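Input: a single structure, listed below in structure tokens.
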Amino acid sequence: MIYRILRLILAASALAVVLVYFLRAQQAPPTAPAAGEYAKHLKPLADLTVAVAQAMPADKYTFKPHPDSMDFGQLMVHIASANFAFCQGLKDAAPSPMPQPEGKDGIVKFLGNSFHYCSGVLDSATPGQMNAVHNSPDGNLPGRDLLLAMYIHVAHHRGQAEIYLRDNGIVPPSYRI
């Protein structure tokens with residue numbers, strides 16, 4: 001009799017294990033954020049861009065390689081302002097007035113804040129936002145194209161900024177992704 005009860009308990013336990021395994025298998029696996037690949041690369045993009053901004057001495061933030069060029073500080077503010085505009089576009093949010101930071105510390109902080117803002121937008125982006133068409137600094141674009149345009153914009157102007165550094169005898173921070 002005890003042997004029979006033990007067999008029933010063992011069978012019930014095995015059934016419970018199979019049932020738990022089956023129920024867990026039916027649950028959807030955790031999904032990556034809709035902007036997963038973009039979100040994955042935003043931190044390295046931000047870190048390198050902020051490092052370039054920090055590499056220029058404060059007294060050289062007014063340097064421009066040509067009279068028709070933006071000065072270094074203006075270039076960093078331009079990158080930051082465009083980051084905000086692209087990410088506000090992805091949210092379909094009205095553009096907010098942009099501050100006009102002054103001095104190296106204010107500009108570097110503004111630049112860093114722009115990437116921080118975009119990080120929050122990317123972390124909460126939905127598949128619908130990634131597929132929908134949004135207004136951006138580069139026109140009406142689907143969310144994925146809007147983010148690609150933002151990343152290209154940052155890389156383009158960061159490349160310019162690295163030339164500004166070299167024109168001043170400063171070796172730019174090493175590229176990293």
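Each value in this text was obtained by applying a stated rule to the coordinates, not by laboratory testing. Because the structure is a prediction, the values reported are computed rather than measured. Glycine also receives a Cβ, built like all others from the backbone with ideal geometry; neighbour counts cover every protein chain displayed.
Structural remarks
- Here the label points at ALA58 and ASN168, each 7 Å from Cα along the C-beta direction, are separated by 1.3 nm in the simple model.
- Three-way shape label, the stretch 39-156, alpha-carbon gyration tensor, a/c 1.5: prolate
- Ranked list, fewest to most other Cβ atoms within 10 Å of each Cβ, for THR49, THR62: THR62, THR49
- The slack in the chain from ARG176 to LEU148, taken as 0.36 nm per residue of separation less the alpha-carbon distance, amounts to 8.3 nm.
- The stretch 87-130: C-alpha gyration tensor shape, a/c 1.5 cut-off, then a/b vs b/c: oblate
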